[in-house]
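A short worksheet on the structure shown next.
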Amino acid sequence: MNANRSLVAQLLILTAGMFGFGFLLVPLYDVFCEITGFGGRTNAEAVVVAEAPDLNREIRIEFLTNVNSYAQFEFASELDSMTVNPGKMYYATFTAKNLSAIDKVAQAVPSVAPVTAAEHFSKIECFCFTSQNFLANEQKAMPLQFIVDPNLPDYVDTITLQYTFFDATSVASNNP
Amino acid sequence: MTTAVADTLEEHHDDHGPAKGIGRWLFSTNHKDIGTMYLVFSLCMFFIGGAMAMVIRSELAIPGLQFVHPEFFNQMTTMHALIMVFGAVMPAFVGLANWMIPLMIGAPDMALPRMNNWSFWILPVAFGILLSTLFMPGGAPAGGWTMYPPLVLQTGDAFPFLIFSVHLMGISSIMGSINVIVTIINMRAPDMTLLKMPMFVWTWLITAYLLIAVMPVLAGAVTMLLTDQFFGTSFFLAAGGGDPVMFQHIFWFFGHPEVYIMILPAFGVVSEIIPTFSRKPLFGHDSMVYAASCIAFLSFIVWAHHMFTVGMPFTGQLFFMFATMLIAVPTGVKIFNWVATMWRGAMTFETPMLFSLAFVFLFTIGGFSGLMLALAPADVQYHDTYFVVAHFHYVLVPGSVFAIMAGAYYWLPKWTGHMYNETLGKIHFWTSTIFVNLTFFPMHFLGLAGMPRRIPDYSTQFADFNTIASIGAIGFGLSQLLFVAVLLTSKRGAKATAEVWDNPTTLEWTVPSPAPFHTFDTPPKLDDSVGFH
């Protein structure tokens with residue numbers, strides 16, 4: 001009986017531990033993505049990169065914009081693409097318009113392809129770092145400031161930066 | 001508590017039968033009764049899930065939409081999977097475990113009989129909740145059994161019911177597993193060392209640990225879905241900083257060990273049957289144990305092969321590809337051991353043996369298509385096509401389900417005390433085997449030709465193979481009615497002896513047939529012919 005009881009206790013602890021482990025996977029996954037660029041994740045905070053520009057190399061940056069099906073927004077990049085030198089700072093502008101007659105909070109979620117380029121694509125300033133407030137029917141231009149790391153692998157000559165625009169009003173009201 | 005149990009044992013020396021009426025089942029703490037309830041429940045779910053498969057295959061028999069709305073079709077695919085996985089296959093193996101593990105290790109009952117009652121009776125509640133969603137506004141869950149967000153969050157009123165029924169299934173499985181482990185570790189006959197345990201007991205010990213390790217992770221994942229939907233968290237909502245791909249990682253961290261949960265006990269069942277009908281001991285018993293343990297370990301590090309197409313770094317794809325292919329090694333050990341067991345054996349081909357032989361052959365086909373899917377570059381083509389459907393149905397239907405059938409025929413005389421109708425059993429086997437191949441083999445071709453899964457309509461180039469598959473499915477479904485006929489006539493056959501078969505070696509064949517309500521009140525003595533297997 002005592003043997004049963006201690007074994008049951010151990011197995012229950014294991015069960016509880018694995019339940020906790022399921023939730024522990026959430027921060028672990030974030031760390032994993034930050035380190036590896038898994039899922040095309042890019043940095044979510046400003047970074048300062050001091051590198052000498054490599055003027056002999058040209059990289060094509062393509063901008064793609066999507067709007068989540070639940071978000072009533074227009075969202076577009078001013079340029080379809082631009083050609084850049086690694087190690088040099090560039091600016092790009094995106095515009096978004098709130099199509100609804102109520103105030104909204106929006107969040108852009110970036111993704112970079114190929115994934116091997118994700119860790120070499122550094123954003124100095126980005127509208128995606130924080131959620132953006134929109135008044136009813138407001139349109140605004142949003143800046144992006146980025147730099148491509150000269151250590152970008154040789155075989156990469158095109159980087160696609162993709163943003164999906166989400167309506168984050170309900171999320172924002174939950175996390176004041 | 002210890003003294004109370006001791007007193008009971010003192011007072012009731014003579015064998016008393018089961019309680020009368022419905023109370024016998026509602027309040028049962030007897031492993032045989034609970035095992036029977038699990039098996040009957042599983043058979044009911046097998047037919048409900050099967051009826052859903054009939055809806056799916058009828059709709060797909062010819063191109064175009066004929067019988068059901070696409071929304072309802074999606075509900076059918078989702079519910080069919082949930083019911084077959086959690087309602088049919090898993091409870092069937094728990095039922096076999098309840099019935100046979102105490103008999104095979106010489107224990108009087110399961111270690112925790114009252115928890116055993118709970119773990120069974122939670123199941124009808126869980127599936128009552130799940131099935132009730134069919135009648136709710138918005139219908140049953142239709143986003144696939146994998147419950148990927150954000151799609152699953154669009155489920156209507158059924159959503160919280162889906163989550164809570166999954167919670168209940170998890171609780172039931174975990175309690176059942178704790179019971180199995182405690183029984184096996186603490187209640188074996190005195191001379192039965194771990195490596196003398198029959199293979200079925202071994203595979204269940206490993207399965208039970210897998211269940212305890214991964215069911216809580218699934219519970220966590222669906223809890224996150226629930227809080228995302230109702231309590232404003234953003235685990236999987238990109239707008240709030242979450243990531244829907246993370247759900248796939250957590251789900252498959254559960255999901256891959258889950259597929260071994262459904263196949264390891266099947267390995268155990270055929271490892272009992274093939275030696276009996278080959279009249280030879282199991283070849284390489286210990287290597288079977290190590291192989292099963294290897295498979296269990298590897299199942300934890302291969303989950304991302306279900307999601308090669310989400311966008312994964314090259315090194316990640318390589319790792320998961322090689323780790324997955326590594327599983328073929330211990331699985332190959334098992335297959336070759338079964339073949340070596342049959343080598344030069346005095347084989348006979350009764351129904352349990354036929355199902356086991358078909359298991360070895362057809363499961364191997366499913367294993368090979370699994371290897372093809374493990375190749376990351378090729379998987380990009382196969383992903384979410386009927387090739388995947390063909391693969392997992394080959395390992396689950398002529399795999400797990402055939403092993404369950406084999407086990408049912410093998411132990412049925414021990415349960416009922418009578419031989420079942422062998423002719424009917426053989427007809428059941430041959431119709432099942434022919435129709436199962438007719439159903440699932442053409443799906444390989446459909447998948448390679450690019451037919452996506454989970455669609456109610458398809459382009460006309462896929463027409464003929466789909467018609468063949470649908471004919472096969474309806475034939476397979478009707479064939480299972482023969483199994484019901486076997487069960488209904490199972491008491492009419494000749495009286496079974498205690499041994500039933502020709503010199504079987506495990507302990508359950510030392511008790512009379514039918515097995516008395518209480519067995520092994522005193523632990524059996526093992527001699528060399530028993531328990532070695």
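The values are calculated or read from the model by the stated rules, or taken from the named source; none is laboratory data. Note that the structure is predicted; figures quoted are calculated from it, not measured. No Cβ is skipped: glycine too gets one built from the backbone with ideal geometry, and neighbour counts run over all protein chains shown. With ligands, DNA and RNA removed, areas are computed over all heavy atoms of the protein, side chains included. Shrake-Rupley method; radii C 1.70, N 1.55, O 1.52, S 1.80 Å.
What to note about this one:
- The largest accessible area among B:F46, A:F32 belongs to the first residue in A:F32, B:F46, and the rest follow in falling order (1.4 Å probe, all chains).
- Solvent-accessible surface of protein heavy atoms, probed at 1.4 angstrom with all chains present, puts B:D464, A:D149 in the order B:D464, A:D149, largest first.
- Probe 1.4 Å, protein heavy atoms only - accessible area per residue of chain B in square angstrom: 37 Å²
- Converting the Cα gyration tensor eigenvalues of the stretch B:70-221 into ellipsoid dimensions via √(5λ) gives semi-axes, longest first, of 35, 13, 12 Å.
- At 0.692 mPa s and 37 °C, Stokes diffusion of the stretch B:97-172 via Kirkwood alpha-carbon radius, µm² per second: 230 µm²/s
- Shielding by partners - mean other protein chain Cβ count within 10 Å, residues of B:236-249: 6
- Rg(Cα) / (2.2 N^0.38 Å) computed for the stretch B:425-533, rounded to two decimals: 1.72
- Shape call, chain A: gyration tensor on alpha carbons, a/c limit 1.5: oblate
- Cα-based radius of gyration of the protein assembly as shown once divided by 2.2 N^0.38 Å, which approximates compact folds: 1.07
- Chain A: angle of helix A:2-36 to the longest principal axis, Cα-based, in degrees nearest 10: 10 degrees
- Volume per residue of the convex hull around the Cα atoms, evaluated for the stretch B:232-317, comes out as 120 Å³.
- B:D243 long-range amide H proximity, modeled H, under 5 Å: B:F236, B:L237
- Span-like helix ranges in chain B, DSSP H, alpha carbon extent 27 angstrom or more, Kyte mean at least -0.5: B:31-60, B:113-132, B:158-186, B:199-230, B:351-374, B:422-448, B:463-488
- At least 20 Å² of accessible area lost relative to the chain alone, listed for the stretch A:10-33 with a 1.4 Å probe: A:L11, A:L14, A:T15, A:M18, A:F19, A:F21, A:G22, A:F23, A:L25, A:V26, A:Y29
- B:R454, B:R114, B:R188, ranked by accessible area, largest first (probe 1.4 Å): B:R114, B:R454, B:R188
- Counting only lysines at least 8 places from A:K88 when in the same chain, those with an alpha carbon closer than 22 Å to its own are A:K123.
- The accessible area of A:D80, taken with all protein chains in place and a 1.4 Å probe, comes to roughly 130 Å².
- Note on the stretch B:217-273: the C-alpha convex hull projects to 4.2 nm² when averaged across all orientations.
- Accessible surface buried at the B:A interface totals approximately 2900 Å², computed with a 1.4 Å probe on protein heavy atoms.
- Where chymotrypsin sites (Phe, Trp or Tyr not before Pro) fall in DSSP loop in the stretch A:68-118, at most 16 other Cβ within 10 Å: A:Y70
- Rounded to whole Hz, the Karplus (6.51, -1.76, 1.60) HN-Hα couplings of the stretch A:106-113, x for glycine and proline: 10, 9, 9, 10, x, 8, 10, 10
- For B:309-319, mean number of other protein chain Cβ atoms within 10 Å: 3
- Average 1/r across all pairs of distinct alpha carbons in chain B, invert it, and you get the Kirkwood radius: 23.9 Å.
- Cα centroid separation, the stretch B:240-264 to the stretch B:128-147 (Å): 20 Å
- Candidate lysines - alpha carbon under 19 Å from B:K196, same-chain residues fewer than 8 apart omitted: B:K280, B:K334, B:K525
- Percent of Cα-Cα distances greater than 15 Å, calculated over the stretch B:167-240: 64 percent
- At q = 0.20 Å⁻¹, base-10 log of I(q)/I(0) for the stretch B:50-113 (Debye sum, equal scatterers on each alpha carbon): -0.77
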